[in-house]
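Right, one structure below, let's go through it.
Any read-out appearing in this document is the output of simple, stated calculations on the displayed coordinates, not a laboratory observation. All values derive from a computational prediction rather than experimental measurement. Every residue, glycine as well, gets a Cβ built from its backbone with ideal geometry; the counts of neighbours run over all protein chains shown.
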Amino acid sequence: GENVEQHPSTLSVQEGDSAVIKCTYSDSASNYFPWYKQELGKGPQLIIDIRSNVGEKKDQRIAVTLNKTAKHFSLHITETQPEDSAVYFCAAGNTNAGKSTFGDGTTLTVKP
Amino acid sequence: DTEVTQTPKHLVMGMTNKKSLKCEQHMGHRAMYWYKQKAKKPPELMFVYSYEKLSINESVPSRFSPECPNSSLLNLHLHALQPEDSALYLCASSRLGTSGGSTDTQYFGPGTRLTVL
């Protein structure tokens, strides 16, 4: 089955700095790569996703890059704000299989 | 409406009790999921329903019994649970489509915090 590794497990940045979280996956059949943000006491919320036919996607301060050859994808957050503090999960999935495998999560802390 | 609702928010039960968790969505999604999440861990998939039929069971013990009465509702029946089953139980839903336009975007509910005494 799919195996997803996520790094780092914790990340602390100063407000206004950029944050980068990286994930690798093992199954070359994976074709869907979502990123979720989970705040304390809430369920995960999708913040951005990318499919295997695209190399990069951007939505305001958030961007995701995908390298299919190397089987890794990354989340980039620019101009970080304290409200970006949360746990971020990457996931890799095969839409035909109907499920995704999550990474272990990154706890991001943005210091004001 | 892009909301998945779950009830109750919190549940405390003894090992001999029978209880149920409820999940509801009105986005017309035809796939619904149950996940279990322990503290500081990622969600672990338990069950997937596709078009109201159970399509994936990730070898979950029989003390957890899912049910999908219709396309908007998903239940998880609990019986004879163990203290190690204490966790956040998350429901999610996603739209199913053709292979050309399929999406696995999952919308999660806020979860039910379960404590087994």
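Using a 10 Å cut-off around each Cβ of peptide A:37-43, what is the average number of partner chain Cβ atoms that fall inside?
Shielding by partners across A:37-43 averages 5.
Over the whole of B:85-94, what's the average partner chain Cβ count within 10 Å per residue? Rounded to a whole number, please.
2
If R₀ is 25 angstrom, what is the calculated FRET efficiency for the pair B:Val12 and B:Arg95, using the beta carbon separation as r and rounding to 0.05?
Result of the calculation: an efficiency of 0.15.
What ranking do A:Asp49, A:Asp104, A:Asp17 get, fewest neighbouring Cβ atoms within 10 angstrom at the top?
Numbers: A:Asp49 21, A:Asp104 16, A:Asp17 13.
Ascending Cβ contact count within 10 Å gives the list A:Asp17, A:Asp104, A:Asp49.
State to the nearest 20 debye the size of the charge dipole of the protein assembly as shown about its Cα centre, where the only charges are +1 on K and R beta carbons and -1 on D and E beta carbons.
400
Say we join alpha carbon atoms closer than 10 Å with springs in a Gaussian network model of chain A; which of A:Lys22, A:Lys71, A:Lys42 then has the biggest fluctuation?
Maximum among the listed residues: A:Lys42.
Greater than 24 Å separation of Cα atoms is the criterion. Which listed pairs, A:Lys22/B:Lys22; A:Lys37/B:Lys41; A:Lys37/B:Lys18, meet it?
Violating the 24 Å limit, Cα to Cα: A:Lys22/B:Lys22; A:Lys37/B:Lys18.
Over 25 Å, how big is the tail of the calculated P(r) for chain B, in percent of all Cα pairs?
Roughly 18 percent, once rounded to a whole number.
Label points 7 Å out from Cα along the Cβ direction at A:Thr78 and A:Asp104: separation in nm?
With each label placed 7 Å out from Cα toward Cβ, I get 3.1 nm.
Which loop-located chymotrypsin sites (Phe, Trp or Tyr not before Pro) does segment B:1-79 contain, where loop means any DSSP state but H, G, I, E or B and the Cβ has at most 16 other Cβ atoms within 10 Å?
Passing both the DSSP loop test and the Cβ count: B:Tyr51.
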